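*Asks:* Below is the structure I would like to discuss, written out as structure tokens.
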Amino acid sequence: AQSVTQLGSHVSVSEGALVLLRCNYSSSVPPYLFWYVQYPNQGLQLLLKYTSAATLVKGINGFEAEFKKSETSFHLTKPSAHMSDAAEYFCAVSGSLGSQGNLIFGKGTKLSVKP
Amino acid sequence: DAGITQSPRHKVTETGTPVTLRCHQTENHRYMYWYRQDPGHGLRLIHYSYGVKDTDKGEVSDGYSVSRSKTEDFLLTLESATSSQTSVYFCAISEQFAGSTDTQYFGPGTRLTVL
């Protein structure tokens with residue numbers, strides 16, 4: 001069975017500092033991995049996804065993530081945080097459920113950005 | 001933005017009453033999903049649909065039923081609402097099944113409070 005663990009329910013960084021949000025996955029098959037972002041009172045939107053084409057994936061708003069099979073990780077990074085990055089971030093892995101599959105989400109990491 | 005609307009956006013109801021939430025899409029996507037979001041739990045799949053009149057259970061389906069009579073509409077019904085069903089409910093759509101690399105697009109959410 002597939003699962004996702006996000007380390008740290010809250011992360012706080014200063015504006016301009018590196019953002020690092022951690023995600024570890026468990027999967028018995030080669031995984032497809034996703035990062036979604038949720039701004040306050042909104043739905044989720046896709047930041048980036050790993051589909052096995054390249055281990056370093058670039059997404060929107062300057063975010064990127066690196067798939068490391070040996071570490072079963074897919075951590076999200078951004079070199080320089082902006083106030084507008086304050087949001088909740090969810091890592092997800094594609095799983096199997098019935099005949100159609102599903103997305104399995106981590107519990108989320110809330111990012112705060114201090115001026 | 002994907003054309004997904006949810007109605008109502010907010011609802012307060014009493015224990016024991018039936019509640020129906022509606023998800024409407026204009027993208028003609030085959031797959032539709034209902035999730036609930038609770039603090040500390042991330043998003044959990046309630047039910048999903050892989051075509052008109054084709055639905056299946058997710059991981060937290062007890063107390064919920066769904067129907068899909070048209071491609072564009074996916075209804076979630078709480079037959080007899082309980083306080084444990086107080087949550088934010090999100091609808092999502094995708095062209096391909098969730099076990100693939102396909103992106104899920106999320107609606108804005110419905111905040112449901114059961115008193």
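*Asks:* For chain B, with equal point scatterers placed on the C-alpha atoms only and solvent neglected, what are the log10 I(q)/I(0) values from the Debye formula at q = 0.13, 0.19, 0.22, 0.23 1/Å, to two decimals?
*Replies:* -0.43, -0.94, -1.26, -1.37
*Asks:* Within a 10 angstrom radius of each residue's Cβ in B:47-57, how many Cβ atoms of other chains show up on average? Whole number is fine. The partial results should precede the final answer.
*Replies:* Working: counts 0, 6, 1, 4, 1, 0, 0, 2, 0, 5, 2.
What the average comes to for B:47-57 is 2.
*Asks:* Counting only residues 5 or more places away or on other chains, whose amide H sits under 5 Å from the amide H of B:GLY58 once H atoms are built in the peptide plane?
*Replies:* Excluding prolines and chain starts, which carry no amide H, the hits are B:HIS47, B:TYR48.
*Asks:* While we're here: Ordered by residue, what ³J(HN,Hα) values in Hz, to whole numbers, does region A:51-63 give under the Karplus form 6.51 cos²θ - 1.76 cosθ + 1.60, where θ = phi - 60° and Gly and Pro are x?
*Replies:* 10, 6, 6, 8, 6, 9, 10, 9, x, 7, 6, x, 7
*Asks:* Can you give the mean number of other chain Cβ atoms that lie within 10 Å of the Cβ atoms in peptide B:58-67? It would help to have the intermediate numbers written out before the result.
*Replies:* Details: counts 3, 4, 0, 0, 0, 0, 0, 0, 0, 0.
Average per residue, whole number: 1.
*Asks:* Assuming R0 = 22 Å, can you tell me the calculated FRET efficiency for the pair B:SER7 and B:LYS57, based on Cβ-Cβ distance, to the nearest 0.05? Intermediate values should be presented prior to the final figure.
*Replies:* Numbers: r = 23 Å, r/R0 = 1.07.
Taking R0 as 22 Å, the efficiency between B:SER7 and B:LYS57 is 0.40.
*Asks:* Among the aspartates and glutamates, which fall within straight-line cross-link reach of B:LYS57, defined as a Cα-Cα distance under 16 Å, with same-chain neighbours fewer than 8 residues apart omitted?
*Replies:* Cα-Cα hits under 16 Å: B:GLU79.
*Asks:* Could you derive backbone 3J(HN,Hα) for region B:36-52 from the dihedral phi with the Karplus parameters 6.51, -1.76 and 1.60 (θ = phi - 60°), listing whole Hz in sequence and x where the residue is Gly or Pro?
*Replies:* Whole-Hz 3J(HN,Hα) from phi for region B:36-52: 10, 10, 10, x, x, 10, x, 9, 10, 6, 9, 8, 9, 10, 10, x, 4.
*Asks:* List residues of region B:29-54, by number, whose backbone nitrogen lies under 15 Å from a label position 7 Å along Cα→C-beta of B:GLN96.
*Replies:* Inside the label zone: B:30-31.
*Asks:* Considering all alpha-carbon pairs of chain A, what whole percent are spaced by more than 18 angstrom? Working shown, then result.
*Replies:* On the way: 3077 of 6555 pairs.
It works out to 47 percent of all Cα pairs.
*Asks:* Plugging the Kirkwood radius over Cα pairs into Stokes-Einstein for the protein assembly as shown, at a temperature of 37 °C and a viscosity of 0.692 mPa s, what D comes out in µm²/s?
*Replies:* 182
Read the figures in this text as sums done on the coordinates, not as results from a lab. No experiment lies behind these values; they were computed from the predicted model shown. Here Cβ is always computed from backbone atoms with ideal geometry, including for glycine, and neighbour counts include all displayed protein chains.
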